[in-house]
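Quick one: structure below, then a few questions.
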Protein chains: 6
Amino acid sequence: MTTRADGRADDELRPITFTRGFTTHPAGSVLVEFGQTRVMCTASVTEGVPPWRRGSGLGWLTAEYSMLPAATHERSSRESVKGKIGGRTHEISRLIGRSLRACIDLAALGENTIALDCDVLQADGGTRTAAISGAYVALADAVTYLKAAKRLSDPQPLSCAIAAVSVGVVDGRVRLDLPYEEDSRAEVDMNVVATDAGTLVEVQGTGEGATFPRATLDALLDMAAVGTEKLFEAQRTVLAEPYPGVLPGAN
Amino acid sequence: MTTRADGRADDELRPITFTRGFTTHPAGSVLVEFGQTRVMCTASVTEGVPPWRRGSGLGWLTAEYSMLPAATHERSSRESVKGKIGGRTHEISRLIGRSLRACIDLAALGENTIALDCDVLQADGGTRTAAISGAYVALADAVTYLKAAKRLSDPQPLSCAIAAVSVGVVDGRVRLDLPYEEDSRAEVDMNVVATDAGTLVEVQGTGEGATFPRATLDALLDMAAVGTEKLFEAQRTVLAEPYPGVLPGAN
Amino acid sequence: MTTRADGRADDELRPITFTRGFTTHPAGSVLVEFGQTRVMCTASVTEGVPPWRRGSGLGWLTAEYSMLPAATHERSSRESVKGKIGGRTHEISRLIGRSLRACIDLAALGENTIALDCDVLQADGGTRTAAISGAYVALADAVTYLKAAKRLSDPQPLSCAIAAVSVGVVDGRVRLDLPYEEDSRAEVDMNVVATDAGTLVEVQGTGEGATFPRATLDALLDMAAVGTEKLFEAQRTVLAEPYPGVLPGAN
Amino acid sequence: MTTRADGRADDELRPITFTRGFTTHPAGSVLVEFGQTRVMCTASVTEGVPPWRRGSGLGWLTAEYSMLPAATHERSSRESVKGKIGGRTHEISRLIGRSLRACIDLAALGENTIALDCDVLQADGGTRTAAISGAYVALADAVTYLKAAKRLSDPQPLSCAIAAVSVGVVDGRVRLDLPYEEDSRAEVDMNVVATDAGTLVEVQGTGEGATFPRATLDALLDMAAVGTEKLFEAQRTVLAEPYPGVLPGAN
Amino acid sequence: MTTRADGRADDELRPITFTRGFTTHPAGSVLVEFGQTRVMCTASVTEGVPPWRRGSGLGWLTAEYSMLPAATHERSSRESVKGKIGGRTHEISRLIGRSLRACIDLAALGENTIALDCDVLQADGGTRTAAISGAYVALADAVTYLKAAKRLSDPQPLSCAIAAVSVGVVDGRVRLDLPYEEDSRAEVDMNVVATDAGTLVEVQGTGEGATFPRATLDALLDMAAVGTEKLFEAQRTVLAEPYPGVLPGAN
Amino acid sequence: MTTRADGRADDELRPITFTRGFTTHPAGSVLVEFGQTRVMCTASVTEGVPPWRRGSGLGWLTAEYSMLPAATHERSSRESVKGKIGGRTHEISRLIGRSLRACIDLAALGENTIALDCDVLQADGGTRTAAISGAYVALADAVTYLKAAKRLSDPQPLSCAIAAVSVGVVDGRVRLDLPYEEDSRAEVDMNVVATDAGTLVEVQGTGEGATFPRATLDALLDMAAVGTEKLFEAQRTVLAEPYPGVLPGAN
């Protein structure tokens, strides 16, 4: 029987850790680890909304993803130094923003913005799915903070939890949560963003240099559901602990 | 019974046209129309490959998507004037490139690049799916051109045809090929890139501000297959005509 | 006797076509063709004026010229991807704007802006003169649109028509409307922008790598007048047709 | 009789000064003054040519024009800080380069480049014509330097002198060498670049917000010829003095 | 007696921690903490040197400093998104590079580059001095790695250790290692980079909005020496432990 | 005894010249020369302050330093053309701004900005110290101008004079005011900004590729004091002359 290089079963996630309160300035700050992939996810509350949304009375949620230069196996160059953001960074930032906007009622924020920053400290495959899963925990903490600060018009603006996982076909087998070693040679690669209410938020499947039948897509989606269930459980467990910092009004 | 604003049935494409030989300088040049959406798709052959591919003996295929400022209902600002490419442009350019690379054997090109340019002259929803479908026809013409010029090591480097279509849930109904009026208020939106061999290349489904059950995903994929079948037929019909320009060696 | 490669007499224009209503979103949209040179010219009305003009009560007219990557014989790189606009693009955009501002009373617009976009779909010499000539027709349509929308304080803000043509010395002969094949080896090259009132708006003559006597300049200006007369006639003919779209208030 | 604010006759230049050897590092360095307009023009010789010219055996000449922030009546912002070059700067840089390439045989340079830098220290109208006239003197010095260094294959690569002057219609009168006060309200404005062989290099006439008859164009060209004659005389006088620095091989 | 908000004596450092092997891809990776200030410092070895150094046979060492958006009390915007690097970032990156180049013999590297990346995860004053002190430890690890890989021509290219500390005048008192709360209201602020051989590498003292006598400078330098001594001790202690990862050739 | 290449004693400045009224548009305009180093320093008064300072009632002072391309021995490329400002330029601009803000009471300006532009016409070492010393004279003239225009709430907002000088260790000797030939091979290099009240504003000492003992730092500071004393004397002498232009209200 073919086994994975790291000894996992095909439908097994890597060790998952969410460390809340990883840094102290943002309202939510989480270090998420999917095996060797480590992403610092923060949720900062800033006043005001983008120009096109002003006067609507609605808040906004935006996300920025970035890879530290030394996060990859070979050092990659810094986008601020190059003076422009690459297509991959743009694409993932937009995906994270869309995914997290699916769970929050922005009307409750008033004209304020939650900025999610997902900075990859170490990359080993699945950085975007780790970022989404971790950003949800940071967002939940920011909501707790805003609630304590009495800055929400609706006390529970989050309608569900959000998590994401990668699945793919590697060595002809459908596998869950691909590390870099598998991801770089996968025949098909899919990222699935789901809610703990059992629905889907975003599905992106791609066969770079290959194509795949509908049956494979179905098998990948089944496998992803196994992974997101476990992620929701891990999120629930860690969020059962009290807010890691000092809440406004606490004393 | 609810009908669509333009009178179509839910599973009906807009009128589809591919005009080959739309301009004369590039090896392939196609104006593709999905109803009021019109995209000029060209395939230009240039010598050399990107730095990271040099010395491999393999060719490359890349794509750039762009919206002319006056293509949209309200004029949008020009990205060259702003000095940077937006996230949406980046994301679609990458999608087109990945999609078309799925059908071509780049080894046959030697170290040459095919650049696909998809410039939207008029936008009415589905510009990325029209672009992919039209780019395939331009690519097929460029391959014919290269073959006549005896610049291919393999006489038939295309393994299949590629087409793409949008599907979505609008007014609670699963619909095919959304125009702007439907796209802008769709609850779920999905783009499906497929091959005429019956396989999938890329699936991107998203529920901005909403989520959707697996059953909806299945219904959307079924509906997309109806659309791509008709697109393959239209591509075959138009490509049955001779190459629209003068081939090298012809006289 | 020396004849031109395309069989034209020295003082003969290439076939000239203006297609109004080429696209439907902008108030004016014209495809202009000078032989194989094809430029899409649109006139879009947007609210507001640039900062330095605010509070003046006056409108503004601006122009942006751009070459699609596949418009040239060899594909040229996209300025949005390079992140900056080249000197040639800047220079032509400014020329188009200055030229068209010569015929319009901007006070009639109030603090609104007309943006002229001239995108070259196919280049075969004379793109800037085709752009100016086509932009005038798009502007005339935009004015018709604004008048119907009752957004003009003066019902006829256009004081004259504007057209432009290139002239040059090729093979020692003064010639009208140079295609790329002549333009690229012309000893002297001149662009003349004129009004149908018989006056000049802009004259740019240059002898790259050569110089020319005053007598040549005079002969070039005479030749240009022949060309602009025919262009005004073609503009008048096409503008005699009704507005190609639906005017505000029409029903 | 209408007189000019500075007391000059209509066909009179402002006081013209060329100071050679203004700085010591470049092969040619000239401060040119047209009245209160002062431009530092330098000619630097650098190894190599732009990529598109490599392997041709030919040299190249390029020019960059720039306005110091405090050169204008109101401080203008610095283009390096804005991160992009404006259209006007681009346009003038290109004009200076084209103009000076008209007098030099680039084959004599081998694959080397002469970079002309024209930095405006103080602006009072006519900065581009002063820049061209001063750049010629700097270029002549650079040629003397290269000849002494035995780096020219042809001992006299300059075929003529180049000078430029502005002319315009102000208060209904044709006038020579407009200062800012006249330039800013001129009805027609023309820049003429000429050679001391009596030929023209570049003619740019424009009527921003106005148009002009052919007769005016003729009068402007006549007036310009008066001005360039005097500029050639001034250039000859100053260049009759020895090279202002130390020539290679001198001791 | 005035005491500091955090209870420290004037000449007392905050708790200092160096965590080696913080991430695993770079040859050296250190999390340095000066109290609440936390900086991830990595040393990556890349092939080749900058163009101006090619062919010299010498290596190079460069540094890039960056602040994560959520590192500061109020979220700051991301420089890659703004498309340019700010002056402060530039200044600190250059300081770190100069400081670390003082301790290494670049000839030993051959034509290879060590890139130091200092990314601030959390900022509370003294980020540049923490970065320099941590970068030294990462550099020491990278040197150990290169030595094991037999890529050094000199087995001990480091001539000394480097550390840095901030000192300042706050509330009229000379104090060591200022946190943000003190730094933001310091009358004089100085950063001192020193070697464990007792010499200085860089001294930058500034009195923004104030000036200071020479005697104050002397007192600040005395105080800094107290701080750097303790930092060298901490570096020595942590570097006494074995290399935290797997060395080439180890098994 | 070792002598300097230009014959100066170790503690001797190069010939120092301040030419006030070098150009006429800005309120203050000074050409400062430290030997062959020549910098044009202007002080322009503009309305308004940066966004972060609006509503404070306080003015602002900012500085921009730039090197003309032909100012250096080998022509350097133009930062506006490269589209970004280099680290060295950023660093020096910030230093000049900080240094001059130390002598002025910005409250006296109201919400207006003084922009100091320091453009290096010719570089021969010490450009930043010449720029600071010259900028003070330009600032003093701008203050005189503003006072005459009755735009200051405090008639004497300058609390002291500012000058700067470089010192270094060359050939093992401490030397004052290094020209390029010494600067490029100095073992230690320091820039000292001081006030004529005997205090220090900024001290930046660096040993690129070397380190230095505290005793050297002390000797360098002593030497710098000798130089700044002479610079203050030269500033006082030149500022004893009347304002070089026409003051508001003068007639």
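Residue by residue through B:63-76, how many Cβ atoms from other chains fall within 10 Å of the Cβ on average?
Details: counts 0, 5, 0, 7, 0, 9, 8, 17, 7, 3, 3, 4, 11, 1.
Average per residue, whole number: 5.
Averaging sequence separations of C-alpha pairs under 8 Å and six or more residues apart, then dividing by the length of the range C:107-160, give the relative contact order as a whole percent.
Numbers: 20 pairs, mean separation 30.8, N = 54.
Once normalised by length, the contact order is 57 percent.
Let me ask something else about it. In a GNM of chain C with a 10 Å cut-off on Cα contacts, which of C:Val193, C:Val170, C:Val30 has the highest mean-square fluctuation?
Fluctuation is largest for C:Val170.
Mind checking the angle between helix B:127-148 and chain B's longest principal axis? C-alpha axes, 0 to 90 degrees, to the nearest 10.
Taking Cα atoms only, the helix is inclined about 20 degrees.
Right, here's the next one. Along the charge dipole of the range F:186-251, pointing to its positive end and built from +1/-1 on Cβ of Lys, Arg, Asp and Glu, which listed residue (F:Pro242, F:Met223, F:Phe212) has its Cα farthest out?
So the residue furthest toward the plus end is F:Pro242.
Averaged across B:20-26, how many Cβ atoms of other chains sit within 10 Å of each residue's Cβ atom?
Values: counts 0, 0, 3, 8, 5, 10, 8.
If you average over the peptide's residues, the count of other-chain Cβ atoms is 5.
Report the residue of chain B with the smallest Cβ-to-axis distance, using the rotation axis that brings B onto E, in whole Å.
B:Gly83, 4
Quick one: label points 7 angstrom along Cα→Cβ at A:Asp171, distances to the other copies in nm, smallest first?
Ordered by distance, the counterparts are at 5.2, 6.4, 7.2, 7.2, 9.2 nm.
Using a label point 7 angstrom from Cα along Cα-to-C-beta, what distances in nm, from shortest up, separate F:Arg54 from the other copies?
0.9, 0.9, 4.8, 4.9, 4.9
Further question on the same structure: Less than 10 Å Cβ to Cβ from F:Ala163, Lys/Arg counted +1 and Asp/Glu -1: what total charge do the surrounding residues give?
Details: positive: F:Lys230; negative: F:Asp196, F:Glu229, F:Glu233.
Residues near F:Ala163 contribute -2 overall.
Can you give the angle from 0 to 90° between the axis of helix F:87-101 and the longest principal axis of chain F, with both taken from C-alpha atoms, to the nearest 10?
So the helix axis and the longest Cα principal axis differ by about 60 degrees.
Let me ask another. Per-residue HN-Hα couplings for the range B:116-122, Karplus 6.51 cos²θ - 1.76 cosθ + 1.60 at θ = phi - 60°, whole Hz, x for Gly and Pro?
Residue by residue, the range B:116-122 yields 9, 10, 10, 10, 7, 7, 8 Hz.
Measure nothing fancy, just the Cα-based angle from helix C:214-239's long axis to the longest principal axis of chain C, in degrees from 0 to 90, nearest 10.
Taking the Cα atoms of chain C, the angle to C:214-239 is about 40 degrees.
Could you tell me how far the Cα centroid of the range B:138-172 sits from the Cα centroid of the range F:109-138, in Å?
61
Then there's this: May I ask you to derive the relative contact order of the range C:1-129, considering only C-alpha pairs under 8 Å and at least 6 residues apart, and to give it as an integer percent?
Answer for the range C:1-129 is 33 percent.
For Cα pairs less than 8 Å apart in space and 6+ apart in sequence, what is the mean separation divided by the residue count of chain D, i.e. the relative contact order in percent? Before the final figure, lay out each step's value.
Details: 520 pairs, mean separation 53.7, N = 251.
Worked out over chain D, it gives 21 percent.
Please name which of D:Ser133, D:Ala163, D:Tyr145 has its Cα lying farthest along the dipole of the range D:95-163 towards the positive end, using unit charges on Cβ (Lys, Arg +1; Asp, Glu -1) and the Cα centre as origin.
Of the listed residues, the answer is D:Tyr145.
Please report, in debye to the nearest 20, how large the charge dipole of the range D:94-222 is about its Cα centre when each Lys and Arg carries +1 at its beta carbon and each Asp and Glu carries -1 there.
Values: 11 positive and 19 negative charges, 101 e Å.
About 480 debye.
Also: What are the ³J(HN,Hα) values, in whole Hz, obtained from phi via the Karplus relation 6.51 cos²θ - 1.76 cosθ + 1.60 with θ = phi - 60°, for each residue of the range E:67-79 in sequence order, with x given for Gly and Pro?
Couplings: 10, 5, x, 8, 6, 9, 4, 9, 4, 9, 7, 7, 5 Hz.
Just how large is the dipole of the protein assembly as shown about the Cα centre, in debye to the nearest 20, putting +1 at every Lys and Arg Cβ and -1 at every Asp and Glu Cβ?
With only Lys, Arg, Asp and Glu charged at Cβ, the dipole is about 0 debye.
Now for a separate question. Be a star and scan the range F:213-251 for residues whose amide nitrogen sits under 11 Å from the point 7 Å along the Cα-to-Cβ vector of F:Arg151.
Under 11 Å, as judged by backbone N against the label point of F:Arg151, lie F:248 of the range F:213-251.
Using a 10 angstrom cutoff on alpha carbons, build the Gaussian network for chain A and name the most mobile of A:Ile114, A:Ile162, A:Ile85.
Looking only at A:Ile114, A:Ile162, A:Ile85, the largest GNM fluctuation is found for A:Ile85.
Quick one: putting +1 on the C-beta of Lys and Arg, -1 on the C-beta of Asp and Glu, what dipole do you get for the range B:1-120 around its Cα centre, in Debye to the nearest 20? Spell out each step's value before the answer.
Working: 15 positive and 14 negative charges, 66 e Å.
The dipole magnitude comes to about 320 debye.
Which residue fluctuates most in the GNM of chain E (Cα springs below 10 Å): E:Asp105, E:Asp117, E:Asp177?
Maximum fluctuation in the GNM of chain E, among the listed residues, is at E:Asp105.
When the Karplus curve 6.51 cos²θ - 1.76 cosθ + 1.60 is applied with θ = phi - 60°, which whole-Hz ³J(HN,Hα) does each residue of the range D:152-164 get, with x for Gly and Pro?
Each residue of the range D:152-164 in turn: 10, 7, 10, x, 10, x, 8, 8, 6, 9, 10, 9, 9 Hz.
Now for a different question. Determine the distance separating the Cα centre of the range C:181-213 from the Cα centre of the range A:62-96; give it in Å without decimals.
48
Of the peptides B:87-97, C:67-77, how do they stack up when ordered by the mean number of other Cβ atoms within 10 Å, highest first?
Numbers: B:87-97: 21.0, C:67-77: 19.0.
Answer by packing, highest mean first, reads B:87-97, C:67-77.
In whole angstrom, how far apart do the alpha carbon centroids of the range F:1-30 and the range A:24-56 sit?
A separation of 53 Å, based on Cα centres.
Around D:Ala63, with a cut-off of 11 angstrom between Cβ atoms, what is the net charge of the other residues, counting Lys and Arg +1 and Asp and Glu -1? Could the numbers behind the result be given before it?
Values: positive: D:Arg94, D:Arg98, D:Arg101, D:Arg128; negative: D:Glu64, D:Asp117.
Spelling it out: positives minus negatives among the neighbours equals +2.
If each DSSP helix of 4+ residues adds -39,500 (n - 2.57) and the sum is divided by the residues in chain C, what number results at 222 nm, nearest 500 deg cm²/dmol?
Numbers: 5 runs with 71 residues, N = 251.
Rounded to the nearest 500, it is -9000 deg cm²/dmol.
Laboratory data are not the source of any read-out in this text; all were calculated from the coordinates shown. Everything numeric in this text was worked out from a predicted model, so none of it was measured. Neighbour counts run over all protein chains shown; Cβ positions are idealised from the backbone, glycine included.
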